[in-house]
1. Out of the residues in segment 113-132 that are surrounded by 16 or more Cβ atoms within 10 Å (Cβ to Cβ) and under 12 Å from residue 66 (Cβ atoms), state the one that is modelled with the highest pLDDT.
2. Return the total of residues in segment 21-51 being modelled with pLDDT of 80 or more and on the phi > 0 side of the Ramachandran plot.
3. Among residues belonging to segment 133-147 that are assigned to a helix (DSSP H, G or I) and either within 16 Å of the chain's Cα centre (by Cα) or surrounded by 13 or more Cβ atoms within 10 Å (Cβ to Cβ) (or both), point out the one that is modelled with the lowest pLDDT.
4. Residues that are within 25 Å of the chain's Cα centre (by Cα), under 30 Å from residue 55 (Cβ atoms) and at pLDDT below 75: does segment 10-20 have at least one?
5. If the requirement is being exposed (fewer than 12 other Cβ atoms within 10 Å of the Cβ), under 27 Å from residue 144 (Cα atoms) and modelled with pLDDT of 80 or more, which of these qualifies: 73, 96, 59, 80?
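The values are calculated or read from the model by the stated rules, or taken from the named source; none is laboratory data. Computed from a predicted model, the values in this text were never measured in an experiment. Note that we place each Cβ from the backbone using ideal geometry, even for glycine, and neighbour counts take in every protein chain shown.
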């Protein structure tokens, strides 16, 4: 929260209270749990080249395991000058989830990867990413480890 978002703006204080995020302390957020070992190892600095590759493509790996995909009409005209990137949506955000089974002749994606053709799950996940982004820098072993992590966490 910004300092100016404090509940009592007429008082200067080193310990401001905020209503929006935590109801003036009545809402307690639990501490984060330790990530599974597979993920912790990939995020650690001792992971070497494998971890570096994972961290470089972390958003892609995250997308590979999503049930849905964010859909929106993105207004990129605002990012023509210098400065920080701005993500501006025109209209409304929505989720693309699709049906539970892929259309005839189409490859599975989103939630379909979890329930359809589970024998080829990893190959299907890699195929979706490569078709959508053209990235071939996604590591098969990392993908297999993350998939295993999902079933044991």
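1. Among residues in segment 113-132 that are surrounded by 16 or more Cβ atoms within 10 Å (Cβ to Cβ) and under 12 Å from residue 66 (Cβ atoms), the one modelled with the highest pLDDT is 125.
2. Total satisfying the criteria: 1.
3. This residue is 133.
4. There is no residue in segment 10-20 that is within 25 Å of the chain's Cα centre (by Cα), under 30 Å from residue 55 (Cβ atoms) and at pLDDT below 75.
5. 59
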